[in-house]
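Comments concern the structure below.
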Amino acid sequence: MSEIDGDAAERSSTTVEGPLGLLAELTYRCPLACAYCSNPIELAAYRDELDTAEWQRVITEAAELGALQCHLSGGEPLLRRDLADLVRTAAEQGLYTNLVTSALGFTAKRAAELHDAGLDHVQVSLQADEPALSDRIAGLPSFARKIDAARRVRELGWPLTLNVVLHRQNIDRIPEILAAAEELEADRIELANTQYYGWAALNRAALLPSREQLAEAEVVVREAKERLRGRMEIIYVIPDYYATYPKPCMGGWGARQLVVVPTGDALPCLAAHGLPLPSANVREHDLAWIWRDSPMFSAYRGTDWMQDPCRSCDRREVDLGGCRCQAFALTGDATRTDPVCHLSPDHGIVEAAVAEANEERTPVDLPLVPRRERQRN
Amino acid sequence: MTAPFSTTGVPRLARGVKLRFDRSRERHVLLLPETVVELNGTGTAILQLCDGQRTVADIVAALREQYADVPEGQVVAYLAKLAERRHLEIHE
Ligand SMILES: C[S@@+](CC[C@H](N)C(=O)[O-])C[C@H]1O[C@@H](n2cnc3c(N)ncnc32)[C@H](O)[C@@H]1O
Ligand code: SF4
Ligand code: SF4
């Protein structure tokens, strides 16, 4: 195995390291209507989906660029009839394949097909631990089918990860959610506080929890982690609106993850729709150029694009100034410091939202706007 | 040292965990749903021997054929760490 010589030259011509993962958002169609959905508001603009051959090319090029994982998500990826073909392509390329699904449409037949195609892992999203609340958040009766599907994952020998997006309306039920996960013998559960992108941004006031709710959640999670150690892994994603510093979003712009949306636009972050950068579409360019050279991926790579306070901050390599998309959504300028940072001059925007969430008269169950494609005239 | 399992245990990669050679970065990695674990030479050698057949004792013996100095305690500690993170299952 002496490939070292041959590769030295190739390495030096490649200054940008390849992506670790491809997030393939195969479609934004979905039977559910979760009010917290991170998908873009203008769903109707994404109907011209890449076809099977185009996705297969994207997957192959991502693997050649160095990707090791392929996340198949959406929308609901099971609505793509060619899902098993895409899994097979990814598996042939040696990629670790992960299906991120609401589990609607995960029938015994589909599951078997995906298993044969070489699917490595399944993540099933749950909205809550019981039907009434779950169905209200999802906008459709679906809880029972989700539980069936989660069982099917285990029956076919896959590891089971449950994804639960936390917010004001379900965060008080973490103990019950964890009990449900234990009953399903989940290997992992991700309790991820809502990121305010897409429909979640629209529903922010109804979703943002209070400080009290969060404090309670943290105690519950800490105890459960201890109790379930070695049996079930609990990943708790803190809500950045309440953090002092932002998260290093996506591990850096154009550093680790490559997102491709249903119409073929490649993005460094799933919330980067609508940023004022020229689009980089896989129908027009190969993925290597998009990743290494396109303005979309180079714009905020590293730290050169930063303004103060990030530019002169000693945490700039730690959190990379936070999320560019959140900065853009909240301030209209993607190069500003993420407003969740307490050092940001725009931090007042986040403080105002947090203050509202903590007003005593703000109820826990404000009405939710379901994710829905707008009726075309 | 006190091991959380005996050297007659049989380790194998946990469900959904894959050992792979990462061509573009020239290293072995463990692949999990949300994580890529970068392995060094020794880690790779140990994990390649975790085939669900060999016991911990067999693995140490096999390593001794490749390497001069193989402290059993360190191999056990490494396996225990991976088991704690649920990358590895050890069956008695
Ligand atoms: C957009 S969904 C698409 C896949 C599938 N429809 C589902 O819901 O599982 C991808 C993942 O992101 C999670 N998610 C959706 N909106 C989110 C938000 N605003 N913040 C954090 N996670 C979110 C979902 O729970 C799911 O695990
Ligand atoms: S988060 Fe809900 S609405 Fe959004 S794609 Fe997933 S299941 Fe559909
Ligand atoms: S000022 Fe910028 S770099 Fe410093 S902590 Fe805040 S976001 Fe991070």
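Where a number appears in this text, it was derived from the coordinates with a stated rule and is not lab data. These numbers were taken from a predicted model, which means no experiment stands behind them. Backbone-built Cβ (ideal geometry, glycine too); neighbour counts: all protein chains shown.
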Gyration tensor over alpha-carbon atoms, the range A:82-179, equivalent ellipsoid semi-axes in Å: 27, 13, 11
What FRET efficiency comes out for the pair A:ARG57/B:GLN74, r = Cβ-Cβ distance, R0 = 56 Å, nearest 0.05? 0.80
Under the classification rounded if a/c is under 1.5, otherwise prolate if a/b is larger than b/c and oblate if not, where does chain B fall, given a ≥ b ≥ c as square roots of the Cα gyration tensor eigenvalues? oblate
For chain A, what is the percent of antiparallel DSSP beta bridges, rounded to the nearest 5? 10
If you stretched the chain out fully between A:ALA243 and A:SER312, how much longer would it get, using 0.36 nm times the residue separation minus the C-alpha to C-alpha distance? 22.8 nm
Among A:ALA271, A:ALA53, A:ALA90, which one moves the most in a GNM of chain A with springs linking Cα atoms closer than 10 Å? A:ALA53
Taking 41 Å as R0, compute the FRET efficiency from the Cβ-Cβ separation of B:HIS91 and A:ARG361 and round it to 0.05. 0.10
Per the Cα gyration tensor, the protein assembly as shown corresponds to an equivalent ellipsoid with semi-axes, largest first in Å, of 35, 28, 24
Computed over the range A:322-375, Kirkwood Rh from alpha-carbon pairs, angstrom: 13.1
Fewest-first sequence of A:LYS146, A:LYS225, A:LYS247, B:LYS81 by Cβ atoms within 10 Å of each Cβ: B:LYS81, A:LYS225, A:LYS247, A:LYS146
Relative contact order of chain B, please, whole-number percent, based on alpha carbon pairs below 8 angstrom and at least 6 residues apart. 40
What 222 nm value per residue comes from the helices of chain A, counting each DSSP H run with n ≥ 4 as -39,500 (n - 2.57) and dividing by all residues, nearest 500 deg cm²/dmol? -10000 deg cm²/dmol
Expected output is a single nm value to one decimal: the length gained when fully extending between A:GLU183 and A:TRP289, i.e. 0.36 nm times separation in residues minus the C-alpha distance. What is it? 33.5 nm
Between the range B:57-83 and the range A:228-255, the Cα center-to-center distance that results, in Å: 33
For chain A, averaging the sequence separation of alpha carbon pairs under 8 Å that lie six or more residues apart and dividing by its residue count, the contact order in percent is 19
Taking only Cα atoms and a 10 Å spring cutoff, compute GNM fluctuations for chain A and point out the largest among A:LEU72, A:LEU330, A:LEU207. A:LEU330
Please give the net charge around B:LEU19, taking every other residue with its beta carbon less than 13 angstrom from that of B:LEU19, where Lys and Arg add +1 and Asp and Glu add -1. 0
